[in-house]
Amino acid sequence: MTRLAVNDVYLNVEVTHTGPAILLLHGFTGSSITWASYTDVWREYTTVAVDLLGHGHSDCPSDPDRYRMEHCVEDLLTLLDRLDVQRTAVLGYSMGGRVALHLTLRAPERQ
């Protein structure tokens, strides 16, 4: 487990292997554990499984505004910068799929 500071909160992120990056985004009430059984299958990729804000081992701010989609996307972009990931495929399940769509619209050059 690695908790990284991004935009005044801490996000938990699990990074495995090396190669082209895949950002893994879990569904509502999930966490990075959602992807644990898949990361070894994807050995040729750097997998970046993040606990979105309020989930898993990431922070749970009391301000409801902090959970807005634009904050979530900015947090993920900052996290990718901290990890020096310039481009990544994005795989999202349920709520994570919605986040992936917003991330792609906000920063298409990162995909």
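The values are calculated or read from the model by the stated rules, or taken from the named source; none is laboratory data. Since the structure is predicted, the reported quantities are computational estimates derived from the model, not experimental observations. FYI the Cβ positions are ideal-geometry reconstructions off the backbone, even for glycines, and counts take in every protein chain you see. These accessible areas exclude ligands, DNA and RNA; they are computed on the full protein's heavy atoms, side chains included. Shrake-Rupley method; radii C 1.70, N 1.55, O 1.52, S 1.80 Å.
When the range 10-31 is filtered for residues that are open to solvent by 10 Å² or more (accessible area, probe 1.4 Å) and either over 18 Å from Arg87 (Cα atoms) or β-branched (Val, Ile, Thr) (or both), the ones remaining, listed by number, are Tyr10, Val15, Thr16, Thr18, Ile22, Phe28, Thr29, Gly30, Ser31. Taking strands (runs of 3 or more DSSP E) as the structural unit, those lying wholly within the range 17-102 and holding at least 3 residues that are modelled with pLDDT of 95 or more and within 16 Å of Leu4 (Cβ to Cβ) correspond to 21-25, 46-50. For the range 75-103, the set of residues classified as touching a Lys or Arg at 6+ places or on another chain (Cβ under 8 Å) and farther than 21 Å from Glu44 by Cα consists of Leu77, Leu103, listed by residue number. Would you mind telling me which numbered condition in (1) out of contact with any Asp or Glu (no Cβ under 9 Å at 6 or more places or on another chain); (2) open to solvent by 20 Å² or more (accessible area, probe 1.4 Å) His102 fails? His102 satisfies every listed condition except (1).
Taking every residue in the range 1-18 that is more than 23 Å from Trp42 (Cβ to Cβ) and pairing it with any residue that is charged (D, E, K, R), at least 6 positions away or on another chain, the pairs with Cβ-Cβ distances below 6 Å are Val6/Asp75; Asn7/Asp75; Val9/Asp59; Tyr10/Arg3; Tyr10/Asp59.
Put simply, of Met69, Met95 the only residue that is open to solvent by 40 Å² or more (accessible area, probe 1.4 Å), touching a His at 6+ places or on another chain (Cβ under 9 Å) and aliphatic (A, V, I, L, M) is Met95.
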